[in-house]
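Structure record follows, encoded as structure tokens.
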Amino acid sequence: MQGRERYQGIVVRFDELIRTNLGKLNHVSDVSGAMGVTQRTLVRAIRTVHGTTPSYRLRMLRLTEARDALMLVKARTETVTDVAMRLGFVQLGRFAADYRGAFGESPSDTLRRAVGGIPAAEAEAANSGPPAGERTNCTG
């Protein structure tokens with residue numbers, strides 16, 4: 001169990017380092033160097049604790065931070081591009097595709113909902129239309 005506890009500590013440090021250096025440490029080699037561990041040790045730790053790779057973990061932490069940032073925008077002060085670039089995503093098309101794959105919507109949809117103040121559940125209901133078989137009252 002001592003090895004797993006050590007790995008858990010490495011993963012906690014990894015997560016903290018990423019969150020405090022978003023947009024600065026965008027490659028696993030940069031992170032392992034800053035942590036003072038080998039890439040091999042980092043791979044073993046993250047695979048043991050989370051069952052995934054450091055690059056996937058890094059990408060998901062950055063995508064989650066992007067989503068959080070987009071959901072907090074209350075005025076048109078920041079764009080999707082601003083958020084993506086601030087967090088170190090330089091390939092915007094790939095960022096959008098990864099974001100959609102992770103969260104089921106585009107980053108611009110998240111931003112639009114945040115600026116409009118529409119909660120996710122209400123936005124989905126509003127986009128789905130009336131239930132099948134129900135007529136809407138259309139007077140003209």
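The values are calculated or read from the model by the stated rules, or taken from the named source; none is laboratory data. Keep in mind it's a predicted model, so treat the numbers as computed, not measured. A quick note on method: Cβ atoms are made from the backbone with ideal geometry, for glycine too, and the neighbour counts reach across all protein chains shown. The accessibility values were calculated without ligands, DNA or RNA, using every heavy atom of the protein model including side chains. Shrake-Rupley method; radii C 1.70, N 1.55, O 1.52, S 1.80 Å.
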Run the 1.4 Å probe and let me know the accessible area of residue 85, rounded to the nearest 10 Å². 100
If R0 is 30 Å, what FRET efficiency do you get for residue 71 and residue 8 from their C-beta distance, rounded to 0.05? 0.55
Semi-axis lengths, Å, the stretch 14-90, gyration tensor of Cα atoms, sqrt of 5 times eigenvalues: 27, 12, 9
So if each residue of separation counts as 0.36 nm, and I subtract the Cα-Cα distance between residue 105 and residue 38, what length gain in nm does that give? 20.5 nm
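Using a 1.4 angstrom probe on heavy atoms only, work out the carbon and sulfur share of the accessible area of the stretch 42-99 in %.
Working: 1680 of 3140 Å².
Here carbon and sulfur together make up 54 percent of the probe-accessible area.
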Tell me, what is the Rg over Rh of the stretch 72-112, with Rh the Kirkwood radius over Cα pairs? 0.95
I want the local charge near residue 20. Using Cβ-Cβ distances under 12 Å, sum +1 for each Lys or Arg and -1 for each Asp or Glu among the other residues. 0
Using Cα pairs closer than 8 Å and at least 6 residues apart in sequence, work out the relative contact order for the stretch 1-99, in percent. 30
